[in-house]
Amino acid sequence: MSLIKPIDIHAHPPTEDYLIRSGGKYIKHAAEYFRISIKPRSIEEMLEAYDRAGVDRIVIVAWDAETTTGLPKTSNEYIAEIVDRYPDRFIGFASVDPWKGEIAIRDLEVAIRDLGLSGVKFQQAIQAFFPNDRRFYPIYEKCVELKIPVQFHLGMTGAGAGVRGGDGIRLKYTRPIYLDEVAADFPELTIIGLHPSWPWQEESIAIAMHKANFYLDLSGWLPTYFPETLVRYARTLLKDKCLFGTDYPFIDPERWLYSFNKLGFEDEVKELILEKNARRVLGI
Ligand SMILES: [Zn+2]
């Protein structure tokens, strides 16, 4: 265990820029729903939490849902600046707003080629789109061209949870099965489905079993609360396809790892999930 250098595949900046300015009511309501504090912290405080947990590297994601939320983005430039400050700790993932069309494609190209980011993340619930909508296929074509992995949110989201109308968010966009079509149409594209995809866990497991280019991230939930089927597949048939992630600052890395160790996975499986699978997906 001590030789493992964990890589967190999915985290957010804990700063005011993301949590308050970009997050607005969506993150405020998510925090209330999860009963957690969203007091902004610095990147240095974030790194202290990762040092305490013994986590080596962290994928940190930008945020752009300007069309649907009207809130300012946490830009790709902002993330690139964090990566430049701590290049041996952070791996930056871009965010582009799919409704911006040509601009989204140009933003992605700049983020990868000029800013040095390594992937892109989508949040279909808040960005309000079906990932298999052909209008967005040019973005995936660009991902293939740039040879970058792409992350999609899966399952119930805390954003808008617990308030009337769920802040207008539709859960339908987060069903895993739409990504099966994207994985089929873009075999060269590496897709990471984020979070245990409740209430469609079996759906995402089936896609991960069937499509070699589809991976499951385990962030956003403490492992002790994972659906039982997910634990069973992560331990066995999908041990090469599951990735450690926290969704920091919503879950602290030390807490996640403590909970994960309680599952009693073999050392070989832990090494795959905590480090090796991420190295393969990220090409590092
Ligand atoms: Zn997240």
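Within the stretch 1-34, the residues that satisfy the criterion of being touching a helix residue (DSSP H, G or I) at 6+ places or on another chain (Cβ under 9 Å), more than 20 Å from Phe244 (Cα to Cα) and not aromatic (Phe, Trp, Tyr) are Thr15, Asp17, Leu19, Ile20, Ser22, Gly23, Gly24, Lys25, Ile27, Lys28, His29, Ala31.
Every residue in the stretch 158-180 that is in contact with a Ser or Thr (Cβ under 9 Å, 6 or more places away or on another chain), assigned to a loop (DSSP other than H, G, I, E, B) and open to solvent by 60 Å² or more (accessible area, probe 1.4 Å), please. Correct list: Arg175 only. As a summary of the residue check, Pro223 satisfies the conditions (1) under 16 Å from Asn277 (Cβ atoms); (2) in contact with a helix residue (DSSP H, G or I) (Cβ under 6 Å, 6 or more places away or on another chain); (3) surrounded by fewer than 18 Cβ atoms within 10 Å (Cβ to Cβ) except for the one numbered (3).
When Ile9, Ile27 are screened for being within 16 Å of the ligand (Cβ to nearest atom) and modelled with pLDDT of 95 or more, only Ile9 passes. I'm trying to understand the selection: among the residues of the stretch 186-210, which are open to solvent by 10 Å² or more (accessible area, probe 1.4 Å) and either within 16 Å of the ligand (Cβ to nearest atom) or in a strand (DSSP E or B) (or both)? Scanning the stretch 186-210 gives His195, Trp198.
Only one of the listed residues (Ile79, Ile58, Ile43, Ile105) is farther than 20 Å from Ser219 by Cα, of a type outside the set (Lys, Arg) and either away from the ligand (no atom under 15 Å from the Cβ) or buried (at least 21 other Cβ atoms within 10 Å of the Cβ) (or both). That residue is Ile105.
Within the stretch 264-280, the set of residues being among the small types (Gly, Ala, Ser) and open to solvent by 10 Å² or more (accessible area, probe 1.4 Å) comprises just one member, Gly264. Residues that are of a type in the set (Ser, Thr, Tyr) and not in a loop (DSSP other than H, G, I, E, B) were ranked within the stretch 220-242; the one that is nearest to Ile192 (Cα to Cα) is Tyr233. Look at (1) away from the ligand (no atom under 16 Å from the Cβ); (2) open to solvent by 60 Å² or more (accessible area, probe 1.4 Å); (3) farther than 26 Å from Phe260 by Cβ and you find that Lys73 fails only one, number (1).
The values are calculated or read from the model by the stated rules, or taken from the named source; none is laboratory data. All figures in this text were calculated on a predicted structure; none of them were measured in a lab. Note: ideal-geometry Cβ built from the backbone for every residue, glycine included; neighbour counts use all protein chains shown. The accessibility values were calculated without ligands, DNA or RNA, using every heavy atom of the protein model including side chains. Shrake-Rupley method; radii C 1.70, N 1.55, O 1.52, S 1.80 Å.
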